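Undergrad: Please find one structure pasted underneath; my questions will follow.
The values are calculated or read from the model by the stated rules, or taken from the named source; none is laboratory data. Worth saying up front: this structure is predicted, and the values here are computed from it rather than measured. Here Cβ is always computed from backbone atoms with ideal geometry, including for glycine, and neighbour counts include all displayed protein chains. We work out accessible area using only protein heavy atoms, side chains counted, and drop any ligands, DNA or RNA first. Shrake-Rupley method; radii C 1.70, N 1.55, O 1.52, S 1.80 Å.
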Amino acid sequence: MTLTFELDPPFDRSLRDGITALWVEVSNAGGAVGYVPPVTAEDVRPELLKHLIAITEERTRLLVGYDEEGAVAATAFLARNTHRLMEHWVWLYTVMVHPRHQGRGFGRDLMAAAADAARSIEGIEAIRLTCRGGTGADRFYGACGYKEVGRVPGAIRVADGDDRDDIIMLLPLG
């Protein structure tokens, strides 16, 4: 089984519901995508709306991975940097693979597809992302070619007494 990736798919109710369900499943499985479980669709929808507004304004591109049944199985959002001195790299946000598909190499496939998508954007030379310390995500991104370029100790508070580092990683595309 493989995933089929599509950059900037037509956005409709089915895609919206698929991304929402994915985000809830990933969050509730312990994925570090902006929430701490338990998470509901009502929690996720406002954040998804922010991404959709950015897509409509052509500041963000959506990459979706579909499984063999056509269900949303993976996503990543590529956001242009709006600072005029940093327009040569993009942010990668909300990188998710459905828990039932994890452990099969689909995360690496998603990251490769995201790099290909970034390369298709004129003038883009690198991808930058941040990840939550203590989750192993930095090791995963490192295995995908990203290098740690910064760390803010204790910047992410997942619970009282549980502060995590915000790890900044970069993938040059050259």
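Undergrad: Suppose the chain between residue 102 and residue 2 were pulled fully straight at 0.36 nm per residue; how much longer would it get relative to their current alpha carbon spacing? Provide the component values of the computation, followed by the final result.
TA: Numbers: separation 100, 0.36 × 100 = 36.00 nm, distance 1.18 nm.
That pair, residue 102 and residue 2, stretches by 34.8 nm at full extension.
Undergrad: Please give the calculated 222 nm ellipticity per residue for the chain, where each DSSP H segment of at least 4 residues contributes -39500 (n - 2.57) and the sum is spread over every residue; nearest 500 deg cm²/dmol? If you can, show how the numbers build up before the last one.
TA: Working: 4 runs with 53 residues, N = 174.
It comes out at -9500 deg cm²/dmol, rounded to the nearest 500.
Undergrad: For the chain, with every protein chain kept in place, what is the accessible area per residue (1.4 Å probe, Å²)?
TA: Working: 9320 Å² over 174 residues.
Computed with neighbouring chains in place, this is 54 Å² per residue.
Undergrad: Please list 130, 82 from largest to smallest accessible area, probe radius 1.4 Å, with all protein chains kept in place. Write out the running numbers ahead of the final one.
TA: On the way: 130 60, 82 110 Å².
Most to least solvent-accessible, the answer reads 82, 130.
Undergrad: Could you derive backbone 3J(HN,Hα) for the stretch 161-170 from the dihedral phi with the Karplus parameters 6.51, -1.76 and 1.60 (θ = phi - 60°), listing whole Hz in sequence and x where the residue is Gly or Pro?
TA: x, 10, 9, 10, 6, 9, 9, 9, 10, 9
Undergrad: At a 1.4 Å probe radius, which order do 101, 83 fall into by accessible area, largest first?
TA: On the way: 101 5, 83 85 Å².
Reading off the accessible areas and sorting them downward yields 83, 101.
Undergrad: Of 14, 27, which has the most accessible area and how do the rest follow, probe 1.4 Å? The partial results should precede the final answer.
TA: On the way: 14 85, 27 0 Å².
In descending accessible area the options line up as 14, 27.
Undergrad: Treat every Asp and Glu Cβ in the stretch 105-174 as -1 and every Lys and Arg Cβ as +1, leave all other atoms uncharged, and give the resulting dipole magnitude about the Cα centre to the nearest 20 debye.
TA: On the way: 9 positive and 11 negative charges, 25 e Å.
It works out to roughly 120 debye.
Undergrad: Just the projected area, averaged over all directions, of the convex hull on the alpha carbon atoms of the chain: how many nm²?
TA: Details: hull surface 40.6 nm².
Taking a quarter of the hull surface, the average projection is 10.1 nm².
Undergrad: Moving to a separate point now. Given points 7 Å out from each Cα along the Cα-Cβ axis, report the residue 149 to residue 49 separation in nanometres with one decimal.
TA: 3.3 nm
Undergrad: Leaving ligands, DNA and RNA out of it, report the carbon-plus-sulfur percent of the accessible area of the chain at a 1.4 Å probe. Walk me through the intermediate numbers first.
TA: Working: 4570 of 9320 Å².
C and S fraction of accessible area: 49 percent.
Undergrad: Moving on. Hey, got the dipole for the stretch 11-84? About the Cα centre, +1 on K and R Cβ, -1 on D and E Cβ, debye to the nearest 20?
TA: Numbers: 8 positive and 11 negative charges, 105 e Å.
For this selection, approximately 500 debye.
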